[in-house]
Amino acid sequence: MKPTLAVIHVDIAAGADELARERLVENLQAHKNPCLTVLWINWIRERADLHVVCLIYDLELFDDFLVNTIRSAPGVRGTSAQLAFDGVVRSEALMDVSLLNTGWDRRAAATVQVKLQPGRDDEVYNALCRLPPHELVDVVWVVKVFHSQDADLQILLLGERTAALTGYVMSWIRTVPGVQDTSLTSVLDWRILAATEEFVSLCERFPESTETTQAGG
């Protein structure tokens, strides 16, 4: 089975923010198992919660990872996960993410949850994958999360500033016919935990089509 992309939302109890972050990062750095590669962890602006992004090679062991590595950290109040089995990752934008721990100037970032009109799923997904290039915003990925309660698609954006990301969502994503609703979560900070090779593996797992590459410039 092909590896699966997972974005794990970690709900942190009020007052336990620093302890939970430190212990969770320690747990993730200590996790050494070929069944799962941790790509990065994000600090989320709206709440003081975290997103852990992983590439899972063995789904049968995913529960063990959640219980032993994430949910065991003091201050973790709960977790939920979105799994993506299909989608597109734009390699050039993703490689920018991989450089965040090397002193590369940090750009604004946001995760966009997109609800679609049932029956128009493929049409809208293809339209979002072919969004034209923008001088201030890069689309890192468009992945399908149809089994999630919160969204049908997830889009990761990088931009020069947060206002550019918000404007891009309003002008380009929310205006696509068949998009019913969106929600945007700003990223406050990053901790990259994977090597460049794992980012290459993610690009190979969710490759860009020829049409997508042409649309993205």
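Side notes on the structure shown:
- Residue satisfying condition, being assigned to a loop (DSSP other than H, G, I, E, B) and in contact (Cβ under 8 Å) with a residue 12 or more places away in the chain, within set Lys32, Lys2: Lys2
- Residue check for Thr213: modelled with pLDDT under 95, more than 19 Å from Gln82 (Cα to Cα) and in contact with a helix residue (DSSP H, G or I) (Cβ under 8 Å, 6 or more places away or on another chain): no
- Looking across the range 145-178, the residues that are over 18 Å from Ala93 (Cβ atoms) and touching a helix residue (DSSP H, G or I) at 6+ places or on another chain (Cβ under 9 Å) come down to Phe146, Asp152, Val176, Pro177, Gly178.
- Which listed residue, of Asp49, Asp63, is surrounded by fewer than 18 Cβ atoms within 10 Å (Cβ to Cβ), assigned by TED's automatic domain parsing to the domain that holds Leu24 and over 14 Å from the mean Cα position of the chain (by Cα): Asp63
- Of all residues making up the range 179-191, the number that are crowded, with 18+ Cβ neighbours inside 10 Å and either among the acidic types (Asp, Glu) or touching a helix residue (DSSP H, G or I) at 6+ places or on another chain (Cβ under 7 Å) (or both): 3
- Breaking point among (1) among the hydroxyl-bearing types (Ser, Thr, Tyr); (2) more than 16 Å from Ala6 (Cβ to Cβ); (3) assigned to a loop (DSSP other than H, G, I, E, B), for Thr166: (3)
- Counted residues, the range 104-125 - those being loosely packed, with under 15 Cβ neighbours inside 10 Å and within 15 Å of Val88 (Cα to Cα): 2
- Of all residues in the range 46-72, those that are on the phi > 0 side of the Ramachandran plot have Cβ atoms under 7 Å from Cβ atoms of residues that are among the charged types (D, E, K, R), 6 or more apart or on another chain, in Ala48/Asp17.
- Selection status of Gln113, over 19 Å from the mean Cα position of the chain (by Cα), of a type in the set (S, T, N, Q) and outside the structural domain of Cys54 (by TED's automatic domain parsing): no
- Qualifying residue in the range 116-130 (condition: in contact with a Leu (Cβ under 9 Å, 6 or more places away or on another chain) and assigned to a strand (DSSP E or B)): yes
- Options Arg90, Arg107, Arg120: the member that is outside the structural domain of Ile56 (by TED's automatic domain parsing), farther than 18 Å from Val179 by Cβ and free of Cβ contacts under 8 Å to residues at least 60 places away in the same chain: Arg107
- Number of positions in the range 45-99 that are in a helix (DSSP H, G or I), over 24 Å from Asp11 (Cα atoms) and not hydroxyl-bearing (Ser, Thr, Tyr): 5
- Qualifying residues in the range 5-29 (those that are part of a helix (DSSP H, G or I) and among the hydrophobic types (A, V, I, L, M, F, W, C)) - the one surrounded by the fewest Cβ atoms within 10 Å (Cβ to Cβ): Leu19
The values are calculated or read from the model by the stated rules, or taken from the named source; none is laboratory data. All of these numbers come straight from a predicted model, not from anything done at the bench. Don't worry about glycine lacking a Cβ; one is built from the backbone with ideal geometry, like all the others, and counts go over all protein chains shown.
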